[in-house]
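First comes the structure, then the notes that go with it.
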Amino acid sequence: MKFITNKIKSIMEKVRISTNEMAVDAQIDALNDLKKVCENLIEPFNVLGLGLTTELLRDVATGGYKEIEKIVLNQVKNDLKTIKTPSIRQSMENEAKQALSVFKENCEKNLKGERRNLANYLEVEKGHIKVAPGSLEVIQEQNTYYLTDAKEIEAYRLHNEAVDAVNRFLSIIERKPQIIAQIFKYHTDVCLVEVANFDYGYLLNSKN
């Protein structure tokens, strides 16, 4: 029960400050670009005789080929079980290695310049590449900033209350100040703010 209480408390004390929407949009655009590029890899996968899977796609997109090499070479090894002629065996092994080399070149050429780390947000379903469910929400969350320290949260709330009060005041005056110093004084020596202009008739434009 104590653990649950602490967990609930921590959630209650988490205050969202802002989300970097520009970063979110940039990542989503990069993810969609990567998806389109990865669609060009379906044919090279087919040439190798591999069924495209989420794991293999992410492996290749992030620059890893060990799993694919292992699968292809194991396939060749199984094919060679019935072949006794050394020259044919060697030829098949060389062809497999050459096919892997061409496959890597195609992948690297297509993926050059892409944000390959975003491949973890892609998945394969029935031979088609799509953005994995929940990915956009994760990207949004990664670019959202929170306060968790109690003192910082209190400072944030007071700060916002002060801003709201100033904005309410500015909304009722007709003659808007060009600079904040026209309505507030700030004493740096004592860190104190006070009213700088008491001429409310002028500010409200109720007198000429």
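Some values worked out for this structure:
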{"read-out": "Positions within segment 116-164 being over 19 Å from Asp29 (Cβ atoms), among the polar types (S, T, N, Q) and in contact (Cβ under 8 Å) with a residue 24 or more places away in the chain, in sequence order", "value": "Thr148"}
{"read-out": "Hits in segment 61-103 - residues which are within 21 Å of Phe45 (Cβ to Cβ) and hydrophobic (A, V, I, L, M, F, W, C)", "value": "Ala61, Ile68, Ile71, Val72, Leu73, Val76, Met92, Ala96, Ala99, Leu100, Val102, Phe103"}
{"read-out": "Search result, residues across segment 37-61 that are surrounded by 13 or more Cβ atoms within 10 Å (Cβ to Cβ), over 20 Å from Pro133 (Cβ atoms) and either of a type outside the set (Asp, Glu) or at pLDDT below 85 (or both)", "value": "Val37, Asn40, Leu41, Ile42, Pro44, Phe45, Leu48, Leu50, Val60"}
{"read-out": "Some residue of segment 101-120 being over 30 Å from Ile139 (Cβ atoms) and surrounded by 12 or more Cβ atoms within 10 Å (Cβ to Cβ)", "value": "yes"}
{"read-out": "Unique match (being assigned to a loop (DSSP other than H, G, I, E, B) and either over 27 Å from Gln27 (Cβ atoms) or basic (Lys, Arg) (or both)) among Lys77, Lys84, Lys70, Lys104", "value": "Lys84"}
{"read-out": "Residues located in segment 178-194, provided they are in contact with an Asp or Glu (Cβ under 9 Å, 6 or more places away or on another chain) and under 18 Å from Ala165 (Cβ atoms)", "value": "Phe184, Lys185, Tyr186"}
{"read-out": "Neighbours by Cβ (under 7 Å, 6+ apart or cross-chain): first from segment 12-36, surrounded by 12 or more Cβ atoms within 10 Å (Cβ to Cβ); second of a type outside the set (Ser, Thr, Tyr) and in a loop (DSSP other than H, G, I, E, B)", "value": "Thr19/Asn143; Asn20/Asn143; Ala23/Asn143; Val24/Asn143; Ala30/Arg115; Asp33/Glu114; Leu34/Glu114; Leu34/Arg115"}
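Yes/no per residue for (1) over 43 Å from the mean Cα position of the chain (by Cα); (2) surrounded by 10 or more Cβ atoms within 10 Å (Cβ to Cβ); (3) modelled with pLDDT under 90:
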| position | (1), (2), (3) |
| --- | --- |
| Gln142 | no, yes, no |
| Asp149 | no, yes, no |
| Arg157 | no, yes, no |
| Ile183 | no, yes, yes |
| Thr188 | no, no, yes |
| Leu203 | yes, yes, yes |
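The values are calculated or read from the model by the stated rules, or taken from the named source; none is laboratory data. As the structure is a computational prediction, the values presented were derived from the model and not from experiment. When we count neighbours, we look across all protein chains shown, and the Cβ atoms used for this are built from the backbone with ideal geometry, even at glycine.
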